[in-house]
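Here's the structure, in structure tokens; my notes come after.
The values are calculated or read from the model by the stated rules, or taken from the named source; none is laboratory data. Since we're looking at a predicted model, the values are computed, not measured. Heads up, the Cβs are rebuilt from the backbone with ideal geometry, glycines too, and the neighbour counts pull from every protein chain shown. For accessibility, only protein heavy atoms count, side chains too; no ligands or nucleic acids. Shrake-Rupley method; radii C 1.70, N 1.55, O 1.52, S 1.80 Å.
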Amino acid sequence: MIWRQISEPMPEGLIKPRPGLVQKLDPAERVSREEMFRAANAYYDAIEQNDGNVAPFADECERHEGGITSANNQEPVPEGAETTFGAMAAFGRMKCGEQLSTGIMRYISDINQRRLVAIDEEMGLVMIFSMFNHDGEPNPLPVKNVPGTTESPNKLGQFNVGAGHIYKIRSGKIYEIEAMAALGMPYHASDGWSCTRDCLAGIMDNYLNALGKNDPAGVTLAADVEIVENNKKIAKGEGLWKSANRRPH
């Protein structure tokens, strides 16, 4: 996964690793692999439920996105910076759990295709890939627990974000979150790793069943799908879509 949305000057977080990510745990701080994964996976549930209490965040938890601190940022707010929802300045200073409970991430409809990549018990690290789905709703976004702010426009529309997260788990709590993302993916895009051989066969079976019913609405086709019969491009619903018959195997 490559982070391409980089602006100058280069964020300090992309120049050298955060100390917390490269320090070994004290043996007394270690928990089982199952508990480490459970804690990290709860982060996605907390986003989906807009409830920071769902995940075991430590008070010191910091989230970085592309090397920039996006939660529990204690750096001074630049002079003249907005502190409204749109500018993110005020929200970036909130603690990890507190921030999620405002509903700031309600534009994320769900997070699926979660894939555990690695767990390092000695370092207390968990890495997970996932797909963030954004359905464009609700608009406006309701916001709570923020004085003077009750809602914000949601003009992002429908899109997906393929994401990778690294978590530092100490004594069962999340202390560090390092996030990277592939932005601007089509809505409901596949992650490229979850569709197994059986999944691919199922897609083909679904296509053939829809073809036999002469109904292209029964299969999910890309908006720019190209259908070719006898070396000639045809429109969706033409050609075999009209003439195919469904026969028993």
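Restricting attention to the range 206-220, the residues that are among the hydrophobic types (A, V, I, L, M, F, W, C) and open to solvent by 50 Å² or more (accessible area, probe 1.4 Å) add up to 2. Scanning the range 40-71 for residues that are of a type in the set (A, V, I, L, M, F, W, C) and more than 16 Å from ILE166 (Cβ to Cβ) turns up ALA46, ILE47, VAL54.
Quick one: is GLU178 part of a strand (DSSP E or B), in contact with a Leu (Cβ under 9 Å, 6 or more places away or on another chain) and acidic (Asp, Glu)? When the stated conditions are applied, GLU178 passes them.
THR220 meets the conditions (1) part of a strand (DSSP E or B); (2) of a type in the set (Val, Ile, Thr); (3) more than 20 Å from SER70 (Cα to Cα) in every case but one. The failed one is (1). If you go through the range 110-120 and keep only what is surrounded by fewer than 16 Cβ atoms within 10 Å (Cβ to Cβ) and polar (S, T, N, Q), you end up with just ASN112. Within the range 26-58, restricting attention to residues that are in a loop (DSSP other than H, G, I, E, B) and among the β-branched types (Val, Ile, Thr), the residue that is most open to solvent (accessible area, probe 1.4 Å) is VAL54.
Among the residues of the range 39-51, those that are within 11 Å of ILE174 (Cβ to Cβ) and not hydroxyl-bearing (Ser, Thr, Tyr) comprise ALA39, ALA40, ASN41, ALA42, ALA46. Residues in the range 193-205 that are open to solvent by 70 Å² or more (accessible area, probe 1.4 Å) and either in a loop (DSSP other than H, G, I, E, B) or not acidic (Asp, Glu) (or both): TRP193, THR196, ARG197, LEU200, ILE203, MET204.
Here GLU8 fulfils each of the conditions (1) open to solvent by 20 Å² or more (accessible area, probe 1.4 Å); (2) within 30 Å of GLY192 (Cβ to Cβ) apart from (2). In this structure, is GLY172 open to solvent by less than 20 Å² (accessible area, probe 1.4 Å), more than 30 Å from PRO27 (Cα to Cα) and touching a residue at least 24 places away in the same chain (Cβ under 8 Å)? The answer is no for GLY172. Remark: VAL161 falls outside the filter, which requires a residue to be part of a loop (DSSP other than H, G, I, E, B) and open to solvent by less than 60 Å² (accessible area, probe 1.4 Å). Somewhere in the range 132-153, is a residue β-branched (Val, Ile, Thr), over 19 Å from GLY52 (Cβ atoms) and open to solvent by 50 Å² or more (accessible area, probe 1.4 Å)? Among the residues of the range 132-153, not one is β-branched (Val, Ile, Thr), over 19 Å from GLY52 (Cβ atoms) and open to solvent by 50 Å² or more (accessible area, probe 1.4 Å), which makes the answer no.
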